[in-house]
Amino acid sequence: MDEKLAELTIEIKQCEACHLKDNRTQVVPGIYGPKNSLCIIGEAPGFNEDKEGFPFVGRSGKLLDKMLESINFSRQQISILNVVKCRPTDENMGNRTPNESELKFCGERWLYKQLNSLTPKLIVTLGGISLKFFFPSAKVTKSAGKVLTLDEGYPIFATFHPAYILRNYNKIEEYSAHFQEISKLYDQFNGERIIGKTSRSEQKSLTDFM
Ligand code: SF4
C-alpha cells in the first residue's frame, strides 16, 4: 500500500464525523488490491463486517468470492470498499440500509479519496445503494449489466448485491454472466480510461475530494 493510502486509511479508522460512530464496533475502511485494478463497491458494513473489520464476510462474501474465482480473481488482486464505513443499525441493533445523507456524507468524505489513490481500471457497484451514490437517479434493475461512466472517466459496471442473489437464486445465471462481462471489460479497459459517456452535472468531480 502506498504511503498516501496508508495515511488515509489511518484517518478513516479514526473518523468520528457522524452519528454512525455510536453503534459501531470498528470502522471498516475496505481492503486494497494493487493500483489500477478492479474495485468492488458495496453499501455499508453489516453485523459480520463490523465484528471482523473486513467488507463482505459471511454468506454474501462467500458468494462474492465464488463469483470472483469464476473469473480468476482473488481478494488479493482487487480492492473491495463500501460507500459507508461504519455499520448503520436500526432500533433493535439489526442491520439497516444507509440513508441518502449517510451515503453522501461518508462517501464524499472518504470514498473518492480512496478511489483517487487506487485509480481503479474498472469499478463494480454491488446493489442499488452503491450505484445510487454515483448516479442518484439510476435504478439497479435497469442498469445491472451495463457500464456507466463518471465524468472523470472511471467506468462503473452495475450489478446486483450478492445478498439479493442469495434471496433470488433464480438470478444466479444472470449474475454469473455479469461477472464474465466484468472480466471482459477489465481486459478491454487495460490501462485506459473512458471519457464521460454519461456525465452528470450533479456529480462531484473526483478531484474535488483530493
Ligand atoms: S460512517 Fe463514515 S463519516 Fe461516519 S463516522 Fe464512520 S467513517 Fe466517519
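Just so you know, all these numbers are worked out from the coordinates, no wet-lab data involved. Source: prediction; values computed, not measured. Note: ideal-geometry Cβ built from the backbone for every residue, glycine included; neighbour counts use all protein chains shown.
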Problem - Of CYS86, CYS15, CYS39, the one that fluctuates the most in a GNM where the chain has Cα springs shorter than 10 Å - result: CYS15
Handout entry: GNM flexibility winner over the chain from GLY145, GLY46, GLY94 (Cα, springs under 10 Å)
Key = GLY94
Exercise for the section: Quick one: among PHE134, PHE56, PHE105, which has the greatest mean-square fluctuation in a GNM of the chain with alpha-carbon springs under 10 angstrom? Expected result: PHE105
Exercise for the section: Only helical DSSP H runs with n ≥ 4 go in: add -39500 (n - 2.57) per run for the chain, normalise by residue count and round the 222 nm mean residue ellipticity to 500 deg cm²/dmol. Expected result: -10500 deg cm²/dmol
Practice task
Would you mind working out the magnitude of the charge dipole of the stretch 3-209 relative to its Cα centre, with +1 at each Lys and Arg C-beta and -1 at each Asp and Glu C-beta, to the nearest 20 Debye?
Solution key: 300
Completion exercise
If GLU49, GLU181 are placed from fewest to most neighbouring beta carbons inside 10 Å, the sequence is GLU181, GLU49
Completion exercise
Residues whose built amide H sits under 5 Å from the amide H of LEU150, excluding neighbours closer than 5 in sequence, are ILE156
Completion exercise
Computed ³J(HN,Hα) along the stretch 96-111: with the Karplus parameters 6.51/-1.76/1.60, θ = phi - 60°, integer Hz and x for glycine or proline, the list is 9, 6, x, 7, 4, 6, 5, 4, 5, 5, 6, x, 6, 6, 10, 4
Fill in the blank from the handout: Under the Karplus relation with 6.51, -1.76 and 1.60 and θ = phi - 60°, whole-Hz ³J(HN,Hα) for the stretch 121-127, x at Gly and Pro, equal 6, 8, 9, 10, 8, 9, x
Practice task
Could you give log10 I(q)/I(0) at q = 0.10, 0.13 Å⁻¹ for the chain, computed by the Debye formula over C-alpha point scatterers of equal weight, without solvent?
Solution key: -0.38, -0.67
Practice task
At 0.36 nm per residue, minus the direct Cα-Cα distance, what do GLU7 and LYS51 gain on full extension? Give it in nm, one decimal, please.
Solution key: 13.6 nm
Handout entry: For the stretch 1-70, diffusion coefficient by Stokes-Einstein and Kirkwood Rh (Cα), 20 °C, 1.002 mPa s, µm²/s
Key = 158
Handout entry: Stretch gain in nm, segment ARG167-ASP90, where the contour uses 0.36 nm per residue and the Cα spacing is subtracted
Key = 25.6 nm
Problem - DSSP bridge pairs, the chain: antiparallel proportion in percent, nearest 5 - result: 30
Completion exercise
Most exposed to least, judged by fewest other Cβ atoms within 10 Å, MET93, MET1, MET67 sort to MET93, MET1, MET67
Problem - Proxy reagent accessibility, fewest Cβ within 10 Å first, across THR159, THR125, THR89, THR141 - result: THR141, THR89, THR159, THR125
